[in-house]
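Written out below as structure tokens is the structure these notes cover.
Derivation of every value follows stated rules applied to the coordinates shown; laboratory data play no part. Remember, it's a predicted structure, so these values are computed and weren't measured experimentally. As a convention, Cβ positions derive from the backbone with ideal geometry for all residues, glycine included, and neighbour counts pool all protein chains shown.
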Amino acid sequence: MSPQPLLQVRDITRFYGTRIGCRDVSFDLYPGEVMGIVGESGSGKSTLLGCLAGQLAPDAGEVLFDTRTDGPRDTLKMSEPERRMLSRTDWAFVHQHARDGLRMGVSAGGNVGERLMAVGARHYGDIRDQAVDWLGRVEIPADRVDDRPTAFSGGMQQRLQIARNLVTGPRLVFMDEPTGGLDVSVQARLLDLLRGLVREMGLSAIIVTHDLAVVRLLADRLMVMKDGHVVETGLTDQVLDDPQHGYTQLLVSSVLQV
Amino acid sequence: MTEYNFAYLDEQTKRMIRRAILKGLAVPGYQVPFASREMPMPYGWGTGGVQVSAATLVPEDRFKVIDQGADDTTNAVSIRKFFERTAGVETTEHTAEASVIQTRHRIPETPLSEDQILVYQVPIPEPLRFLEPRETETRKMHSLEEYGLMHVKLYEDISQHGAIATSYAYPVKVEGRYVMDPSPIPKFDNPKLSDCPAIQLFGAGREQRIYALPPYTRVVSLDFEDYPFEASKADHACDLCGAGDSYLDEVITDDQGGRIFVCSDTDYCRGRREAGHVGTQAQDAPMMTEARA
């Protein structure tokens, strides 16, 4: 593992008025590492993810990202064009609802090609080849390339969203409940796919979820949040098998056994 | 004539519009917001173009109005009469003699000169409108030069039709910076936008935007390397004047499937016929000219 962290998060704090969104969250993420953030609804995990991905402005703290050209830079102090450039090249964001992350009126190929065109690709044949290639990687048949996402099932939409995000070869992927709302067999295939892609491309990822099974499969490290604070961190297996904090113990013991 | 201020609008309004025009000329392709006024015509009939013309006209001007290239359609005749009455300016149907030309959906075939101003009527000034409905977002996209989405539209065209099927309001990039909607002119006219000696002004009344191209501005139609831009027209010559280089209207002549192709620019077609050029159906010419009006 390279000694230089890809992402260094320092004391991120975000208030909603007088209420706490998240408070004093710090961690390092190394290249190739997958970090899970779990917690119940309202615990601040989505707020935190929004702050990291530049969608929300935190009230305090810094997010240092190891950029390709200039080394670590605070993304919160970057100019808007720089940050948006980053978010369509080195970053990717997978939404819980595929509809939020896809253009529903544009064909699957157009959805995948958008990021390529946004960074300057101007050769139709190349763009299309890459789109078909990526559809194959996420197990969508090549003959669906001209269909709109509205004609896709929920699981296919989510896979298409992943293809659309990964096509520019990002180094850091933010995922907000990537398997939420999908039935278990579809979830399993999606997780399998994600695990393969993460390993194959050496991606770093931050996955927000309330599904402990998802983090056990995908995440190397785990952060447990409650009421805007981080209550426990550690290796995934360690946290899940030997939870120390009272809330983590409750969380782990609440999982339904089949 | 005495009931109206010159060219209908009051002087303060014209100054406000001129400021917007000057700003538009200073930042070619940028959509300048302006306080569009109610005009005595419905939105969609050229309220933007009329306001820009009103702010541009001076008593010495000679004014021409075309609608889809024609001088003799309702919209063109009404706007021409409007300014005859409210500004008392001379009017003409000859492109070369006009100093201000208001147009809907065409650029005249006769090349324009440095002492002319071309005013476009624009229904929807935002080229990204149907791709991104939020105005706040499209403005941000313009300011950050994020135009990947525009190519997504062209990509969709090719994937569905095998070619770029957008045939009018074809998006262009101005001086390598702003992506602009050239108003619904056929893409056949797009090359004429670039390096044009005349000033080109675009007015959108309902959407309250003015934008402009100063003379000799570089305007490039967007395309892909392997699907280059093509200025297309009906593969035919004008049946009245025989012109092979002008944009054509297809006119149905009877209910037996009869049809002819005629120049959409009526002034250009008449000029050619007066100079002795003859198309294949020229013997029916007087009747046809009436039929298409």
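What whole number of Å gives the distance from the Cα centroid of the range B:223-266 to the Cα centroid of the range B:65-91? Here the two parts' Cα centres lie 25 Å apart. The label point for A:D133 and the one for B:R85, both projected 7 Å from the Cα toward the Cβ, are 6.5 nm apart. Per residue of A:125-135, other chain Cβ atoms within 10 Å of the residue Cβ number 2 on average.
I'd like the FRET efficiency for A:D183 and B:Q160, computed as 1/(1 + (r/R0)^6) with the beta carbon distance as r and R0 of 51 Å, rounded to 0.05.
Working: r = 32 Å, r/R0 = 0.63.
Calculated transfer efficiency: 0.95.
Remark on A:D59: its backbone amide H falls under 5 Å from those of A:T13, A:R14, A:F15, a criterion applied only to residues 5 or more positions apart or on other chains, H modelled at 1.01 Å from N. Would you mind checking B:K192/B:K233; B:K23/B:K173; B:K153/B:K187; B:K14/B:K187; B:K81/B:K187; B:K64/B:K192 for any pair whose Cα atoms are more than 23 angstrom apart? Going by Cα-Cα distance, B:K14/B:K187; B:K81/B:K187 fall outside the 23 Å limit. Spatially, the range A:13-44 and the range A:166-219 are offset by 18 Å when compared through their Cα centroids.
Derived scalar couplings between HN and Hα for the range A:11-21 equal 6, 5, 10, 9, 9, 10, x, 8, 7, 8, x Hz in order, rounded to whole Hz, by the Karplus curve 6.51 cos²θ - 1.76 cosθ + 1.60 (θ = phi - 60°), x for Gly and Pro. For the options B:L213, B:L222, B:L118, a Gaussian network treatment of chain B with springs between C-alpha atoms closer than 10 Å singles out B:L222 as fluctuating the most. Computed from the alpha carbon positions, the gyration tensor of the range A:90-190 leads to an equivalent ellipsoid with semi-axes of 21, 15, 11 Å, biggest first.
Which of the helices in chain B meet the span-like rule: DSSP H, Cα axial reach of 27 Å or more, Kyte-Doolittle mean at least -0.5?
The answer is none, since no helix passes both cut-offs.
What is the P(r) of chain B, as percent of Cα-Cα pairs per 5 Å bin from 0? Result, from short to long distances: 1, 5, 12, 16, 17, 16, 13, 10, 6, 3, 1, 0 percent. With a ≥ b ≥ c taken as the square roots of the eigenvalues of the C-alpha gyration tensor of the range B:233-279, please select rounded if a/c is under 1.5 and otherwise prolate if a/b is larger than b/c or oblate if it is not? The shape class here is prolate. Sequence-distant contacts, meaning Cα pairs under 8 Å at least 6 residues apart, place the relative contact order of chain B at 20 percent. Taking 0.36 nm per residue of sequence separation and removing the Cα-Cα distance, the A:Q55/A:D241 pair yields an extension gain of 63.6 nm.
In degrees from 0 to 90, rounded to the nearest 10, what is the angle of the helix A:184-201 Cα long axis to the longest principal axis of chain A? On a 0 to 90 degree scale, this one is about 80.
Across the range A:242-256, computed HN-Hα scalar couplings (Karplus, 6.51 cos²θ - 1.76 cosθ + 1.60, θ = phi - 60°) run 9, x, 9, 7, x, 5, 4, 4, 4, 4, 5, 6, 7, 5, 6 Hz from first to last residue, x flagging Gly and Pro. Distance between the pseudo-spin-label points of B:E3 and B:H94 (7 Å out from Cα toward the beta carbon): 3.3 nm. Would you please classify the overall shape of the protein assembly as shown from the alpha carbon gyration tensor, given that a ≥ b ≥ c denote the square roots of the eigenvalues, rounded means a/c under 1.5, and beyond that prolate means a/b larger than b/c while oblate covers the rest? Prolate.
Taking one quarter of the surface of the C-alpha convex hull of the range B:131-225 gives a mean projected area of 6.6 nm². Taking a ≥ b ≥ c as the square roots of the Cα gyration tensor eigenvalues, chain A comes out oblate, since a/c reaches at least 1.5 and a/b does not exceed b/c.
Ratio of alpha-carbon Rg to the 2.2 N^0.38 Å globular estimate for the range B:97-170, to two decimals, please. Display every interim value, and only then the final one.
Numbers: Rg = 16.3 Å, N = 74, 2.2 N^0.38 = 11.3 Å.
In units of the 2.2 N^0.38 Å rule of thumb, it is 1.44.
Stretching the chain fully between B:V58 and B:I252 yields a gain of 65.8 nm (0.36 nm per residue, less the alpha carbon separation).
Computed with the Debye formula from one identical point scatterer per Cα of the range B:139-293, without solvent, the log10 of I(q)/I(0) at q = 0.16 Å⁻¹ comes to -1.01.
Per DSSP helix of 4 or more residues, -39500 (n - 2.57); summed, then divided by the residues of the protein assembly as shown. What does that give at 222 nm, rounded to the nearest 500?
Details: 18 runs with 182 residues, N = 551.
It lands at -9500 deg cm²/dmol.
Between the beta carbons of A:L250 and B:S194, assuming R0 = 60 Å, the FRET efficiency works out to 0.30 to the nearest 0.05. Computed from the Cβ-Cβ distance with R0 of 56 Å, the FRET efficiency linking A:T18 to B:S167 stands at 0.45.
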